[in-house]
Amino acid sequence: MRKFSAAIFVLLLVSTASAQWTQISTQSEPSPARGLEHRYVVVEDSGAGDRASLELAIFSTKSCRLRIIDRSSEPRVDLEEVMGRGNFLAAVNGGYFDPDYKPIGLLIVDGMMIAPLQKARLLSGVLSASAKKIQISRVAEFSLAQKPDAAIESGPMIVDLGKSVRGLEATRLARRTFVAIGAGDKAALGFCSDVTLADLSNILATTLTSDFKIQRALNLDGGSSSAFWFKRANGSAFSIAEEKPVRDFVAIVPK
């Protein structure tokens, strides 16, 4: 009886390990900018039957660039209101901050350092951007000598070299936001419905669409901070609001 139970247990483990997230539907809409689109993707875990949805702002670095928008003082307004005040195309919330809204980790805005690089297990990567390129680097790879116009330290890294990252937290469900880069000139800002970090890593390492294979992805501040905004081609906006005020935002703007 014990051997039979052990065999069942092993079978369950193998079944769980072999479960894969697959895309079951996708919809897209254009923006006012060439090379930028909003893509809504639904994925399913073939083993457990669980589903998750993703909002992606996929763009070309040839026609768009990234900016960090810092809200260092009161009043603290939400992402949708901030985006309505400027020439923005899409955005998500940014990095971590303490109870006094001081940024945790490197923060560079318009070429000015707001907060220095920090060493912490969670802060494993840096998103940096200039007029010419966007990079996601591991902290050990990053150098201020690159002189980025914008940079934000966050983590954990959730996709690296096109593969999921092992050892990520696998029990806590929460809304997630992230930034990703692919081959060539493709990059994306994204929002995902309640999943674990391990699940998000596996989802993003799967080819969500034939034209965007993620090479690296960095987790941003999730949970109640998670927010997503996209300007449609007709001038209206699609928005998912954060549940609490945040310190900063990562935005896509035209070049």
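Here are a few things to note about the model shown:
- Residues of segment 149-161 satisfying the condition of being open to solvent by 10 Å² or more (accessible area, probe 1.4 Å) and either under 24 Å from Ile252 (Cβ atoms) or acidic (Asp, Glu) (or both): Asp149, Pro156, Asp160
- Of the residues screened, Ser60 is one that is out of contact with any strand residue (DSSP E or B) (no Cβ under 6 Å at 6 or more places or on another chain) and open to solvent by less than 20 Å² (accessible area, probe 1.4 Å).
- Segment 223-255: number of residues that are in contact with a Cys (Cβ under 9 Å, 6 or more places away or on another chain), open to solvent by 20 Å² or more (accessible area, probe 1.4 Å) and not basic (Lys, Arg): 1
- In segment 100-122, the condition of being closer than 22 Å to Gly182 by Cβ and outside any loop (DSSP other than H, G, I, E, B) is met by no residue.
- Number of residues in segment 177-192 that are part of a strand (DSSP E or B), over 15 Å from Lys163 (Cα atoms) and open to solvent by 10 Å² or more (accessible area, probe 1.4 Å): the value is 2.
- Subset tally (residues that are open to solvent by 10 Å² or more (accessible area, probe 1.4 Å), modelled with pLDDT of 95 or more and part of a loop (DSSP other than H, G, I, E, B)) for segment 193-221: 1
- Residues that are over 25 Å from Thr206 (Cβ atoms) and in contact (Cβ under 8 Å) with a residue 24 or more places away in the chain, drawn from segment 145-174: Lys147, Pro148, Asp149, Ala150, Ala151, Ile152, Glu153
The values are calculated or read from the model by the stated rules, or taken from the named source; none is laboratory data. A quick note: this is a predicted structure, and the numbers were derived from the prediction, not measured. Note that each Cβ is placed from the backbone with ideal geometry, even for glycine, and that neighbours are counted across all protein chains shown. Each accessible area value is taken on the protein alone, full model and side chains, heavy atoms only, with ligands, DNA and RNA left out. Shrake-Rupley method; radii C 1.70, N 1.55, O 1.52, S 1.80 Å.
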